[in-house]
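S.K.: Supplied in structure tokens, the structure appears directly below.
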Amino acid sequence: MAAVMPRVQVPSSVSKGEVFQIKALISHRMETGLRRDYEGNIIPRDIINKFVCRYNGVDVFTVDLHEAVSANPYFEFYLRATENGQLEFVWYEDGGKLYSLAHQLVVD
Amino acid sequence: MFGKSAAPKYTRRALLSAGAAGLATATLGPPANATDERPRVGEEADDAVEVIKRLTGKTPVASDRLRLVMPRTFPNGYTVPLGIEIESPMTESDHVRYIRVVAPRNPLIEVATFHFVPQRSMPRVSTRMRLAEPQFVLAVAELNDGTLLMAKAWVDVATNGCA
């Protein structure tokens, strides 16, 4: 399996109170558990089942993902800029593994 | 092979047959449409309400306020784009708790649930999903007072994105 790589796109600076867009993507095949290999064995499910965006430690946007989310799950969502601080993005994979990224947000 | 997840798996068949079983005992014999899987005129709408009712335990209200934007036709079922948006002031006293997306004719009907936080995030999101066959995709938004709003979008896909 190709390396799992998370990426996010956040504006370089935002003004206080402004609503801003975030794009988050993780390269992941999102194996549904419905497919079979050439020998007829079911390929076990292996998906990202949860995505969390934290803003200075507070969960501000969360997604529960199921099998029907496309491979390389991509989300575009909108937050309100309240204060300077850290945005943390965490993707949870089946089996307990997680991938994360952090971003310093500058609020004018 | 869903042993890894403790969450229950909802298939359309399991959801609807649970309700049909109750009916069948009262009417005796199999339901008339037992072998006919095609939706009839008017049935698709009731079906949507029924699916949401069984999934959430609440009756959704069709609403123009909740917008589910999807292409009417799409060449493949692997990466169908969807955008969801609902007007909301997102204050403590008036906000959207979550938006849940369901594809009733997929082998596993649940797609994703997006949770929002008042003052912090807006109920607006875009992503990409898989569709097994042409169908109505459903979105339901739960407001802080417990109201469930529903929107749906018909999407025609040429290939099965779940195989």
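S.K.: Identify all residues within the stretch B:105-124 that are at the interface with chain A (Cβ under 7 Å from one of its Cβ atoms) and assigned to a strand (DSSP E or B); write none if there are none.
M.R.: Those that are at the interface with chain A (Cβ under 7 Å from one of its Cβ atoms) and assigned to a strand (DSSP E or B): B:110, B:111, B:112, B:113, B:114, B:115, B:116, B:121, B:122, B:124.
S.K.: Mind checking which residues of the stretch B:64-80 are in a loop (DSSP other than H, G, I, E, B) and either within 25 Å of residue A:34 (Cα to Cα) or within 14 Å of the chain's Cα centre (by Cα) (or both)?
M.R.: Correct list: B:70, B:75, B:76, B:77, B:78, B:79.
S.K.: Follow-up question, since we're still on this one. Determine, yes or no, whether residue B:70 is on the phi > 0 side of the Ramachandran plot and modelled with pLDDT of 95 or more.
M.R.: It is false that residue B:70 is on the phi > 0 side of the Ramachandran plot and modelled with pLDDT of 95 or more.
S.K.: Would you confirm whether any residue within the stretch B:81-94 is part of a strand (DSSP E or B) and under 18 Å from residue B:47 (Cα atoms)? Show your work before the answer.
M.R.: Looking only at the stretch B:81-94, we keep the residues that are part of a strand (DSSP E or B), and these are B:81-86, B:91, B:94.
Still in the list and also under 18 Å from residue B:47 (Cα atoms): none.
Scanning the stretch B:81-94, I find no residue that is part of a strand (DSSP E or B) and under 18 Å from residue B:47 (Cα atoms), so the answer is no.
S.K.: Follow-up. Given the criterion touching a Pro at 6+ places or on another chain (Cβ under 7 Å), at pLDDT 95 or above and among the aliphatic types (A, V, I, L, M), identify the matching residue among B:96, B:111, B:101.
M.R.: Details: B:111 fails: touching a Pro at 6+ places or on another chain (Cβ under 7 Å); B:101 fails: touching a Pro at 6+ places or on another chain (Cβ under 7 Å).
It is B:96.
S.K.: When residue A:11 is evaluated against the numbered criteria (1) within 15 Å of residue A:83 (Cα to Cα); (2) part of a strand (DSSP E or B), which criterion, by number, is the only one it fails?
M.R.: The single condition residue A:11 does not satisfy is (2).
S.K.: Return the only residue of B:85, B:142 being of a type outside the set (Lys, Arg), surrounded by 18 or more Cβ atoms within 10 Å (Cβ to Cβ), under 24 Å from residue A:73 (Cβ atoms) and within 14 Å of the chain's Cα centre (by Cα).
M.R.: Result of the check over B:85, B:142: B:142.
S.K.: Out of curiosity, is residue B:137 closer than 21 Å to residue B:158 by Cβ, within 12 Å of chain A (Cβ to nearest Cβ), in contact (Cβ under 8 Å) with a residue 60 or more places away in the chain and of a type in the set (A, V, I, L, M, F, W, C)?
M.R.: Yes, satisfied.
S.K.: Of the residues A:76, A:83, only one is under 27 Å from residue B:78 (Cβ atoms) and either surrounded by fewer than 19 Cβ atoms within 10 Å (Cβ to Cβ) or facing chain B (nearest Cβ under 7 Å) (or both); which? Step through it out loud before you land on a result.
M.R.: On the way: A:83 fails: under 27 Å from residue B:78 (Cβ atoms).
Only one candidate qualifies: A:76.
S.K.: Tell me, which strands (runs of 3 or more DSSP E) wholly within the stretch A:39-108 include 2 or more residues that are under 15 Å from residue A:28 (Cα atoms)?
M.R.: A:48-55, A:74-80, A:85-93, A:98-107
S.K.: Scan the stretch A:22-43 for residues that are surrounded by 15 or more Cβ atoms within 10 Å (Cβ to Cβ), over 11 Å from the mean Cα position of the chain (by Cα) and of a type outside the set (D, E, K, R) and jot them down.
M.R.: Passing the criteria: A:30, A:32, A:33, A:34.
S.K.: Here are the criteria: (1) outside any strand (DSSP E or B); (2) over 16 Å from residue A:65 (Cα atoms). Tell me which single one residue B:155 does not satisfy.
M.R.: (1)
S.K.: Just give me the residues in the stretch B:46-64 being closer than 20 Å to residue B:112 by Cβ and touching a helix residue (DSSP H, G or I) at 6+ places or on another chain (Cβ under 8 Å), in sequence order.
M.R.: B:51, B:54, B:55, B:58, B:60
S.K.: Now, a different point. Given the criterion out of contact with any Leu (no Cβ under 7 Å at 6 or more places or on another chain), touching a residue at least 40 places away in the same chain (Cβ under 8 Å) and within 12 Å of another protein chain (Cβ to nearest Cβ), identify the matching residue among B:84, B:99. Walk me through how you get there before you give the answer.
M.R.: Details: B:84 fails: out of contact with any Leu (no Cβ under 7 Å at 6 or more places or on another chain).
Among B:84, B:99, only B:99 is out of contact with any Leu (no Cβ under 7 Å at 6 or more places or on another chain), touching a residue at least 40 places away in the same chain (Cβ under 8 Å) and within 12 Å of another protein chain (Cβ to nearest Cβ).
S.K.: Suppose we filter B:159, B:147, B:127 for residues that are closer than 18 Å to residue B:66 by Cβ, β-branched (Val, Ile, Thr), more than 10 Å from every other protein chain (Cβ to nearest Cβ) and out of contact with any Lys or Arg (no Cβ under 6 Å at 6 or more places or on another chain); which single one remains?
M.R.: When all the criteria are applied, what remains is B:147.
The values are calculated or read from the model by the stated rules, or taken from the named source; none is laboratory data. The structure displayed is predicted, hence computed values, not measured ones. Neighbour counts are summed over all protein chains in view; Cβ atoms, including those assigned to glycine, are modelled from backbone coordinates with ideal geometry.
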